[in-house]
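Working notes for the structure below.
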Amino acid sequence: MEEVKILDGGLSTELEAAGFLIQGDPLWSARILHTNPQAIKDVHLRFLQSGAEVITTATYQASVEGFRRHLGLQTEEAAELLQLGVRLAKEAAEDFSFQSSERKRILIAGSVGPYGAFLHDASEYTGHYVDTMSLEELKGWHRQQIQCLEAAGTDLIAMETIPSQKEAEALVELLREFPNAKAWLSYSCQDEQCTSHGEKFEEAVKVASKSKQLVALGLNCCPPNIVSPLLTSANKNRCLDIDWIIYPNSGEVWDIHTGWKGCSNERPLAVWAKEWIQLGAKWIGGCCRTTPSDIADLQQMLRQKQAAD
């Protein structure tokens, strides 16, 4: 079996479990970079100890403009805080390597969320803002964040929870300005056929053909039960040299007024993952509401599968 890379899980979920109040915060978990960076490092380390090989930085809702507006920082200070997200992940990886007898290469993925995450008006769930923005405006927004993450030495750029094909195209174009960068692109999707903005997923994945810098393409923070239909529909359009990346949420539903509600999916992440591997997934982990124990179960399943194969 070709090796599957194990991603981490819900950073914000672990921070909330530790008592941090981030729900409704315009900076979300990125605020903790400023108030308690050690707590973020501790979460990274817990996921590494559970089997994760890829750690995603706490910068999904971080931006220079957001830090200026909500923390009162100067531009240079805001850029340094964004870069701290990468340093904390690197430090956690170093601590894990020192403590563990297990030798594995840990990748640091610098998280870049959609423009709508900065707007803090729930538009990240629809992507409707792209209807009144040009590709250049979208590129202009994302440029500074990617510059900061690249300067801090991240291994990959995680362009994640992207709701629309247009914003994905802008990010793929922008990536060319950083020719040494590698990245993944993952969409958020509303159902078994469409992105959150409404494009057919099987068409939206074609943006990958315009980039030689993408190492993976897929979806995240969607319920696990829609993943397989989406992959099946899009398999004919995926570039053969780009792997699928899948990291869904728990299956609970996010309500902007009350938070997460409903039950987590009755099938564990590790059980779903077997299905996704059959459909070509090579990078698998979890997003919101998934925990270190979910990642540990995923690692155990993969080890058992590898032994059987």
| message | I'd like the distance separating the alpha-carbon centroids of the range 34-112 and the range 172-239, in whole Å. | response | 24 Å
| said: Please compute, over every Cα-Cα pair in the range 63-132, the percentage with a separation greater than 20 angstrom. | reply: 51 percent
| task | Just list whichever of LYS5/LYS274; LYS200/LYS305; LYS90/LYS139; LYS166/LYS274; LYS41/LYS305 have alpha carbons separated by over 22 Å in the model shown. | result | LYS200/LYS305; LYS90/LYS139; LYS166/LYS274; LYS41/LYS305
| task | With springs only between Cα atoms under 10 Å apart, run a GNM on the chain and tell me which of ALA17, ALA122, ALA58 wobbles the most. | result | ALA17
| note | Taking protein heavy atoms only, a 1.4 Å probe, and rounding to whole percent, the accessible area of the chain owed to carbon and sulfur comes out at 47 percent
| Exceeding the 26 Å Cα-Cα cut-off - candidates LYS104/LYS182; LYS210/LYS236; LYS212/LYS236; LYS104/LYS236; LYS104/LYS282 | LYS104/LYS236
| Residue among ILE146, ILE157, ILE22 with the largest mean-square fluctuation in a Gaussian network model of the chain, springs linking Cα atoms under 10 Å | ILE22
| task | Mind running the shape call on the range 1-137? Use the C-alpha gyration tensor, a ≥ b ≥ c as the square roots of the eigenvalues: rounded below 1.5 for a/c, prolate if a/b tops b/c, oblate otherwise. | result | prolate
| For the chain, which DSSP H helices look membrane-span-like by this rule: Cα extent along the axis of 27 Å or more and mean Kyte-Doolittle of at least -0.5? | 75-99
| task | With a probe of 1.4 Å, find how much accessible area the chain has per residue, and write the answer as a whole number in Å². | result | 42 Å²
| message | Counting just the Cα atoms, what span does the chain cover along each of its three principal axes? Round to the nearest Å and put the largest first. | response | 55, 45, 42
| Given 16 as the ceiling on other Cβ atoms within 10 Å, longest exposed-site-free region of the chain for GluC sites (Glu not before Pro) in DSSP loops | 4-101
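The values are calculated or read from the model by the stated rules, or taken from the named source; none is laboratory data. Quick caveat, the model's predicted, so the values are computed rather than measured. With ideal geometry, Cβ positions are generated from the backbone for all residues, glycine too; neighbour counts draw on all protein chains shown. Only protein heavy atoms, including side chains, enter the accessible area calculation; ligands, DNA and RNA are left aside. Shrake-Rupley method; radii C 1.70, N 1.55, O 1.52, S 1.80 Å.
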